[in-house]
Amino acid sequence: EAGVAQSPRYKIIEKRQSVAFWCNPISGHATLYWYQQILGQGPKLLIQFQNNGVVDDSQLPKDRFSAERLKGVDSTLKIQPAKLEDSAVYLCASSQGLAGVEQYFGPGTRLTVT
Amino acid sequence: DAKTTQPTSMDCAEGRAANLPCNHSTISGNEYVYWYRQIHSQGPQYIIHGLKNNETNEMASLIITEDRKSSTLILPHATLRDTAVYYCIVWRQGGKLIFGQGTELSVKP
C-alpha cells in the first residue's frame, strides 16, 4: 500500500514570496491533515479536512495560509506571503475517518524562508 | 485535552527493554492514551493506543496504571532503529492530536 506522498521535499524561498505544498493521501482515506513542525517542537495541526470539507482550521493563520482539497483527494497548502517564522517542516497526514486516530504521515516538506 | 508530561531524553542499551514513562494526571474517563514516534527526518508513526487495559502489538506494549494517571510504553528489545522522539498523547473522540515535546530515546550499541 502506497503511503502519503508529499512534494516538494525541500523548498527555499525569500520572505514575502509565495510557496505551495502538495499532498496525496493514502487511497480511500477520507480525512486529511496538515501540520507545521518547527525545529525542536512537536507537530502542530494547521487544518483538518473530512473529504473536501474543513473540519478544523482554528490554528491556520488565515491571513497568509490557505489550503484546499478539491475532489476530496489531493490537497495543497499555500503560504503567501511567507515570513521568516514560517520556516518549518510541513507534514501531511491522512486517516480513514474521524473516529480513529491512527494517522499516517508523509515525509514532510522542509521550508526555509530567508 | 489533557496535558502529558514526559522526560526530555532517555538512553537505552541495544537489546534491552526501553521503558518510556508518561504522566497524564488530568486524563478524563473518555480519553485514550496514544503513542507515536518520529524518526529523524521522517513523519510521525503510530505505535499503539489504549483506554484502560494494557495493550500489546508487534511494535510495543502499553501499560496504563489502574488510576489511568500515568502509562509506560515498553519496547521489549530495543534496536538502533528505535532511536527516535516518542510522543505520548491523550485524545478523545472529536479531539485532535496535540503533540508535546516528547522523549528523545537514544538506543546505544
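Data table
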quantity	calculated
Test: residue in the stretch A:57-80 that is under 16 Å from A:VAL4 (Cβ atoms) and at the interface with chain B (Cβ under 9 Å from one of its Cβ atoms)	no
Strands (runs of 3 or more DSSP E) fully within chain A counting 2 or more residues that are in contact (Cβ under 8 Å) with a residue 24 or more places away in the chain and farther than 30 Å from B:LEU51 by Cα	A:5-7, A:10-13, A:19-24, A:75-79, A:88-95, A:109-113
Selection within the stretch B:78-105 - loosely packed, with under 15 Cβ neighbours inside 10 Å and either acidic (Asp, Glu) or at pLDDT 95 or above (or both)	B:THR79, B:LEU80, B:ARG81
Residue check for B:SER71: assigned to a strand (DSSP E or B) and either away from chain A (no Cβ under 14 Å) or among the acidic types (Asp, Glu) (or both)	yes
Search result, residues across the stretch A:36-54 that are closer than 23 Å to A:GLY72 by Cβ and more than 8 Å from chain B (Cβ to nearest Cβ)	A:GLN36, A:LEU46, A:ILE47, A:PHE49, A:GLN50, A:ASN51, A:ASN52, A:GLY53, A:VAL54
Test: residue in the stretch B:54-65 that is buried (at least 21 other Cβ atoms within 10 Å of the Cβ), under 11 Å from the mean Cα position of the chain (by Cα), on the phi < 0 side of the Ramachandran plot and not aliphatic (A, V, I, L, M)	no
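The values are calculated or read from the model by the stated rules, or taken from the named source; none is laboratory data. It should be emphasised that the depicted structure is a prediction, and the values quoted were computed from it without experimental measurement. All Cβ positions, even for glycine, are placed from backbone atoms using ideal geometry, and neighbour counts span all protein chains on display.
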